[in-house]
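The numbers here are math on the coordinates, done by the rules we state, and not lab data. In this text the structure is predicted, and so the values were computed from the model without any measurement. We place every Cβ from the backbone using ideal geometry, glycine too, and count neighbours over all the protein chains shown.
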Amino acid sequence: MILVDYPGYHLRAAAAAAAAGIPVLYYIAPQMWAWGPKRVRKLATVNRLAVILPFEEAFFASAAWPRRSSDIRSRTGRPRRRG
């Protein structure tokens, strides 16, 4: 299952998918750095995490989220507006 951004529903969907044995990738990780590091535990059911901001990879690693360093995908880039 691939989840994008919005954590409200997606964290519940991640828990349901994990319970069913479905791997979960969270693309555009929730901005937990703004909420507080203790909330990172809400990602316990997520298998892989892709971040878009330069500092997020270090934030999630220091918050002890990943079970392995390969669980965090390095910065994938922030979407840009064309115009």
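Descriptive notes on the structure:
- Sequence-distant residues sharing a close amide H with ALA50 (under 5 Å, placed H): TYR26, TYR27, ILE28, ALA29, ARG73
- Gyration tensor analysis over the Cα atoms of the stretch 2-73 returns equivalent ellipsoid semi-axes of 18, 13, 11 Å (largest first, whole Å).
- Couplings 3J(HN,Hα) for the stretch 50-62, derived from phi with the Karplus relation 6.51 cos²θ - 1.76 cosθ + 1.60 (θ = phi - 60°), are 10, 10, 10, 9, x, 8, 5, 4, 5, 4, 5, 5, 6 Hz, where x marks Gly and Pro.
- Taking a point 7 Å out from the Cα of GLN31 in the direction of its Cβ, the residues of the stretch 1-21 whose backbone N falls within less than 13 Å of it are 5-7.
- Multiplying the residue separation of ALA58 and ARG12 by 0.36 nm and removing their Cα-Cα distance gives an extension gain of 14.1 nm.
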